[in-house]
Each structure stands twice: as C-alpha cells, then as structure tokens.
Amino acid sequence: MRSITPWARVYIVAVAMGAVLCAAPVRFAHTPWGAVALFVALCAACEQLAVGRFGGGRGYEGQGAAGLGSGGGPPRWHTPVLLAGAFLLPPGAAALVPLPGALLVRGGEHTPWPRRLWRAGQLGIGAWTASRVHGALGGPDTVVSRDFPYTLVAAGVSVVAFCLVLALLDGGILALAEGVPVRLAWRGLFVRSLVPVGVHGLAGLMMAVLWRSPYGPLAALLVLLPMWVSWWVFAQYHRERAAHQATIRALVQAVDIKDGYTRGHSERVGQASMMIARELGMDDERVEVLRFAGILHDVGKLGVPTRLLRKDGPLTPEERRVIELHPEYGHEMVRGIGFLGEARSAILHHHERLDGTGYPYGLVGSQIPECARVVAVADAFDAMTSTRSYSRARPVPVALAELERCAGTHFDPVMVRALVRGLERRGGWHPAVTADAGRSPGDLPPAPPVSGRAGTRPDGIPGQVGSKGRAT
C-alpha cells in the first residue's frame, strides 16, 4: 500500500474512533455476552479462513492506489455473520462483532495498520447502523415471532442502511487516499454494493431466524455452507483474473528489460490513463480497463528488434516501418485475454492521430476508439516528461503546452484538458528518470524544441522531424 495523505490518516482514525464510540455503550446495556463472543469468534474465523485459503484476500478488496477503496471484488463471506449479529444483538454489541477479526486477522503478509483500522472502523459503524435501524423497526421481535413478510422488510431496510453507510465512508476514503475527484468519489458505490450485500443480508436473516428457533445456533451455522461455496466460486474467478494480471506484469517487465530507456514507462502511462478516465467521469470498471490499456500499450515492442529500440541515431524509413508495427504485434499478443475488453483496441490504435496521419490504419477523429485517445495523451505526456535515449525530460508545463498545441490535430482536446485538470488536482507529476543508470545525463541530447514543424516519433511524442527521417 502506498503512502497515504495525512488527511486520509486523520479520516481513518476518525472512522475507527467512531466505531469505538458505537461499541462503547455495550458495557452499560443488557448484553448477551455468550452470543457476542460466539459472533466475534465466528466472524474472525470466517475472516481467517478466507485469507488463509486465498492468499490474504489480495485482489478481492479495493484496488486503488492506497488499497483502501471499495474495489470490485466479491463481498467477504463473513458478511452474513456480521448482519446476523446486527439482527440479533444490541447496536453496541453488533458494532463490536467485526472489530477483533478486522484488527487481528491477517494473511500471508503484513497488513498495514491504516488498512486494519479502516476496515474495523467501517464495518463497526455499518453494523451499528444496521442494528439500530433494525431495532427501530421492531425487527428483533419479528425474528423471534417469525412474522413474515414484515421480517423481510425490517431486514431489508437495515441492509440498505448498512450499504449506505459503507458507501458514504468509502467515498470519503477514495477522495482522500485514492485521489478520486470529489464529484466522482461516491458515484456507483451504493448501487454496486446493494445486490451482493442484499444476498448476504438474506443469509444473515436466515441465520438469525434459525438462531432463535428451537434448533439453536448450530442450525444457524449451516447457512454458512452454501454461502461459502458461492464465495469460493466467485473467488476462483478472481484468482484467474489475478493470474492474468501476473502474466501482464511479466509481459511489461519483459518490455522494460528489452527497452531499458523506457523502464517504468508502462506503469506510469497506466496511472496517467486512470487519472484521465476519472476526470472524464468513467465508471470504475472502465477506469480499470484504461489502466490495463496504459500498462500494455507498448507490449508489441517485444516483436521489434532490440537494436532498433535502443538505436541512438536516426531511423531509416524501413526501420520506422518496423517499429510502427508494434501496435499490431501487441494487439495479437493480448487478443486471447478476455477481461481486457476495449483495452485491446487502445493497444492497437494508441498511435492514431485525429487528423488521420497516425498509424497503423490512419483513423480520423471519432473513428479512433475513446480508450485509445486516452492512452495516446497519457503515453505522449509521460514520454515527454521522461529522459529517453534521444532527448532529456521536458518540464511538465512545457509538455502540457506541447499537448495543448497539438490538441485537435494529434490529440483529442477533451483528453488533454482532462489530463491538465487531473494534474492540477494531484498537485503535479513526478515521473522517475527512466534512462539507464550507467548513462550520464551529459551523454543525452537536449530536449527537442516545442515550436516548429510538428512530427511524430514512433513512440508518439510530438517534436521536430529531422532531415534523416527521425524526430530529434
């Protein structure tokens, strides 16, 4: 997990303290401590079984930069236990149920304390809210009397309140820790969580009804078996997705090794593509697709001779044509990775130009897929602000001025403006120097001028076209 901002840390501590305050009245209330202890142990056991069986649950939680956001993975299968506790216990006791498991259980690697505090606080407040709403609607009495369908109504409203609290808290952490624009931070969080948590809430209600039945807690535990099976099936999908992502990382590392001057470039283009996508208001799924597109945009360079990628002198027309085949090579390489979706078209078309002079197919304007126009801007921006074999890094304002100058002919003006807004929101851009460590900066030519007759290098950077056919 990357370093998070001070304000995000304050927010996490505040949420954790809120959970503590929610659980504090439990010592003054008439609390069934035996039931509380059983729910706490069961919730922690479900958590431990999940992270132990599936490698710490990585890949199933939020995938944002700080690892604290809501993400798109399956709901944890202790959620029915959490909601059953909310339906059966007083609010303070319900808030206590998730705290030990969230704070103490960990997988194969150390879980940073901000993530533990965040999960504990968020789940504690959510469980307290669900229990409070359920109690206000008379839900505990309907569970004992099995008064259907009103029992379903009370439980359903409680689940909605639970989802709403989690979505509100998630939006705050996305804005503070993940850098998501405030106007977009809460978009879709509640709707996406409602169906899966609603299903888990129904299982939790079944647990609560069986718990209060003559069959007792042991019968209630049987509800977890089908829930565990469904969670396991969903987790297999995410494990397969994680395997694909590992393949993607291996491909990117191979490109970095082959083209040493652009080491780290792919990851930064992925981050810049995500930033642009978020400024455009794309949903989380498309943002993730754009990240993959940015990371893999140059994977086709594996099919280009290394001597051409590392050549310091001008390229001949034949050599340029060979390098310009890399989008098609890349598209062929990733064609079989189904979850990439429109990222494949971004890999194929990220060197197209709005005026039709790009490659490989010379598409014009809106014929170029939107995702390719995003990656084109991100690619050129990072290339201009990184040191290459043929030029030094340009300052960010100079690079942005060049992008704005070429907007409308080379780049989509909408994407350029989104990049500018994103950089202003982030407070700048700090790319790492990607030249080989053993090469002295004095050996590199100066950055190319911004003005003059615009050309295009094979990597998409606008610049001066030299007399020998290579941009200088």
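The values are calculated or read from the model by the stated rules, or taken from the named source; none is laboratory data. Predicted, not measured: the structure shown is a model, and the values here were computed from it. Here Cβ is always computed from backbone atoms with ideal geometry, including for glycine, and neighbour counts include all displayed protein chains. Ligands, DNA and RNA are excluded from the accessible area calculation, which covers all protein heavy atoms including side chains. Shrake-Rupley method; radii C 1.70, N 1.55, O 1.52, S 1.80 Å.
When ligands, DNA and RNA are left out and all protein chains stay put, how many square angstrom of accessible area per residue does region 228-364 have with a 1.4 Å probe?
On the way: 5780 Å² over 137 residues.
On a per-residue basis, 42 Å².
Leaving ligands and nucleic acids out of the surface, order 237, 329 by accessible area at 1.4 Å, largest first. Walk me through the numbers on the way to the answer.
Values: 237 115, 329 80 Å².
So, going from the largest accessible area down, we get 237, 329.
Could you put 30, 351 in order of accessible surface area, largest first, with the 1.4 Å probe and the full protein assembly present? Mind showing how you got there, number by number?
Numbers: 30 175, 351 10 Å².
Putting 30, 351 in descending order of accessible area: 30, 351.
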*So how exposed is residue 169, as accessible area in Å² (1.4 Å probe, rounded to 10)?*
30 Å²
_Relative packing of 12-22, 203-213, 265-275, which averages over residues the other C-beta atoms within 10 Å, highest first_ = 265-275, 203-213, 12-22
*Of the listed peptides 240-250, 124-134, 178-188, what is their order by residue-averaged count of other C-beta atoms within 10 Å, with the highest listed first?*
124-134, 178-188, 240-250
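Which whole-number value in Å² is the accessible area per residue of region 124-209, probe 1.4 Å? Intermediate results must be reported in sequence, preceding the final value.
Numbers: 3580 Å² over 86 residues.
With the other protein chains kept in place, region 124-209 gives 42 Å² per residue.
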*Normalised by the residues of region 238-375, what does the relative contact order come to in percent, with Cα pairs under 8 Å and at least six apart?*
22 percent
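From largest accessible area down, sort 258, 301; use a 1.4 Å probe on the protein chains.
Per-residue accessible area, sorted high to low, gives 258, 301.
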_Estimated distance in nm for a label pair at residue 218 and residue 361, the labels positioned 7 Å out from Cα along Cα-to-Cβ_ = 6.6 nm
*Using modelled backbone amide H atoms (1.01 Å from N, in-plane), which distant-in-sequence or interchain residues come within less than 5 Å of residue 411's amide H?*
354
*Provide the solvent-accessible area of residue 385, counting protein heavy atoms only and rolling a 1.4 Å probe, rounded to the nearest 10 Å².*
10 Å²
